[in-house]
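Note sheet for the following structure.
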Amino acid sequence: MRVATVDGLVTLFYDGSKELFNQDLEMEWFEEFSLWCSGWHPDEVDDADWKDWDISEECKRYWQDRRSWQQIIILDGAAAFSYCSNLVYIKLSINIEYIGNGAFADCGLISVFIPPRCRAIAGRAFASNWNLAIFHVPRDTALEHSVVENTKLLEDRYGYGSYRGVTEVVHNWLKNINNDNEYSLHRACSSFQPLKEVLLTIVQAKGIGSFKVKNEAGITPARYLKENPYADVDEMYIVREYVMKMMGE
């Protein structure tokens with residue numbers, strides 16, 4: 001595990017060699033939290049409050065570390081990052097095959113792109129990421145219960161809590177959101193590693209306006225490019241290439 005800070009952004013390079021989730025320290029914090037209030041979410045606790053609690057210094061350092069991570073790059077393997085409230089960016093290794101229960105629950109993720117080799121995602125792995133609007137998952141990846149419950153993506157689609165109990169319906173919708181031919185550019189832009197050549201071919205067939213077409217979640221292909229940590233693709237590059245070809249250059 002390595003940690004780097006650039007321009008105030010804390011990046012964790014995680015290779016699976018260290019357990020980042022400590023059950024005992026989690027329980028120590030939450031036991032004190034339960035005495036402090038009832039019905040509040042941990043993210044609503046001010047730093048100054050819990051730092052004065054009757055908990056060990058080890059527990060304080062553990063919780064402070066988890067709340068400080070803003071982005072992580074997972075090179076190999078995965079562990080629990082739940083309640084890392086400032087975590088807004090993850091880049092998963094193409095070799096990852098499984099994401100565990102609650103691994104990224106209650107974080108601050110906005111977009112998630114699951115590698116093609118990931119064979120299964122356990123329950124609540126990305127639940128309660130309230131700003132999560134893009135969740136791209138391969139159609140062959142098995143999803144357990146409530147993987148993305150309490151996220152912007154599903155709340156906008158189903159309303160608060162209305163999708164509970166219909167997990168299969170939700171999962172089918174997630175995996176087929178861009179399946180219609182109308183959304184071919186969406187499929188390309190939201191793939192794990194979008195290719196400029198593929199995007200250009202689609203734009204040539206459908207025109208530049210295809211970048212503005214919204215899918216069922218109200219997301220445009222250009223936004224997938226912006227949010228995908230693997231997409232080394234500039235929309236304007238594709239547009240310039242399109243215009244040049246249309247002009248015969």
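A few remarks follow.
- Condition check for residue 191: within 22 Å of the chain's Cα centre (by Cα) and surrounded by 15 or more Cβ atoms within 10 Å (Cβ to Cβ): yes
- Looking only at the range 72-98, and only at residues there that are at pLDDT below 75 and surrounded by 19 or more Cβ atoms within 10 Å (Cβ to Cβ), the one that is farthest from residue 26 (Cα to Cα): 74
The values are calculated or read from the model by the stated rules, or taken from the named source; none is laboratory data. Not measured: the values here are computed from a predicted model. So basically every Cβ, Gly included, is an ideal-geometry build from the backbone, and we count neighbours across all protein chains shown.
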